[in-house]
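Trainee: What follows is a structure written as structure tokens; I'll ask about it next.
The values are calculated or read from the model by the stated rules, or taken from the named source; none is laboratory data. Since the structure is predicted, the reported quantities are computational estimates derived from the model, not experimental observations. Here Cβ is always computed from backbone atoms with ideal geometry, including for glycine, and neighbour counts include all displayed protein chains. The protein model used for the area step is the full one, side chains on, heavy atoms only, and it has no ligands, DNA or RNA in it. Shrake-Rupley method; radii C 1.70, N 1.55, O 1.52, S 1.80 Å.
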Amino acid sequence: VQLQASGGGLVQPGGSLGLSCTTSVSIDSINVVGWYRQAPGKQRELVVSIAPGGRLTYGDSAKGRFTVSRDNAKKTVYLQMNTLKPEDTAVYYCSAQIGMRVYWGQGTQVTVSS
């Protein structure tokens, strides 16, 4: 299983950015799809996950500002991030859990700075 994250970049505080994660397998074959992030010197943390049945779990930092969606035909999961803050600066990773195994993409850098 391969995951390709893209869309990162530099954005000013208060701005928006959209990330994409394209998978090499059908999204329907994935138990849990997730976005995580890791800031320098910090542990990787959950941004949002999509569980079977479409149940969403947002991390505290993402609630009310970030939205996840997916396009099964394109095998792509999207993360729309609004009202970005400097503390959102991190490498963002997408993940896919199939059975007991978790696969990770390579990450995409998001920098929020003026």
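Trainee: Could you check region 7-29 and list, in sequence order, the residues that are part of a strand (DSSP E or B) and either more than 12 Å from V110 (Cα to Cα) or open to solvent by less than 60 Å² (accessible area, probe 1.4 Å) (or both)?
Mentor: G9, V11, L17, G18, L19, S20, C21, T22, T23
Trainee: Taking V47 as the residue in question, decide whether it is over 11 Å from the mean Cα position of the chain (by Cα) and either part of a strand (DSSP E or B) or polar (S, T, N, Q) (or both).
Mentor: no
Trainee: Somewhere in region 72-87, is a residue open to solvent by 60 Å² or more (accessible area, probe 1.4 Å), assigned to a strand (DSSP E or B), at pLDDT 95 or above and of a type in the set (S, T, N, Q)?
Mentor: yes
Trainee: Moving on. Being surrounded by 13 or more Cβ atoms within 10 Å (Cβ to Cβ), of a type outside the set (A, V, I, L, M, F, W, C) and under 21 Å from K75 (Cα atoms) is the filter here, so list the residues in region 41-57 that pass it.
Mentor: If the condition is that a residue be surrounded by 13 or more Cβ atoms within 10 Å (Cβ to Cβ), of a type outside the set (A, V, I, L, M, F, W, C) and under 21 Å from K75 (Cα atoms), then S49, T57 are the ones that fit.
Trainee: For region 58-71, give me the residue count where each residue is of a type in the set (F, W, Y) and open to solvent by 50 Å² or more (accessible area, probe 1.4 Å).
Mentor: Looking only at that region, the number is 1.
Trainee: Could you grab me the full set of residues in region 60-71 that are in a loop (DSSP other than H, G, I, E, B) and at pLDDT 95 or above?
Mentor: R65, the sole residue that qualifies.
Trainee: Something else: Residue by residue through region 99-114, note down the ones that are more than 11 Å from the chain's Cα centre (by Cα), open to solvent by less than 60 Å² (accessible area, probe 1.4 Å) and modelled with pLDDT under 95.
Mentor: Result: G99, single match.
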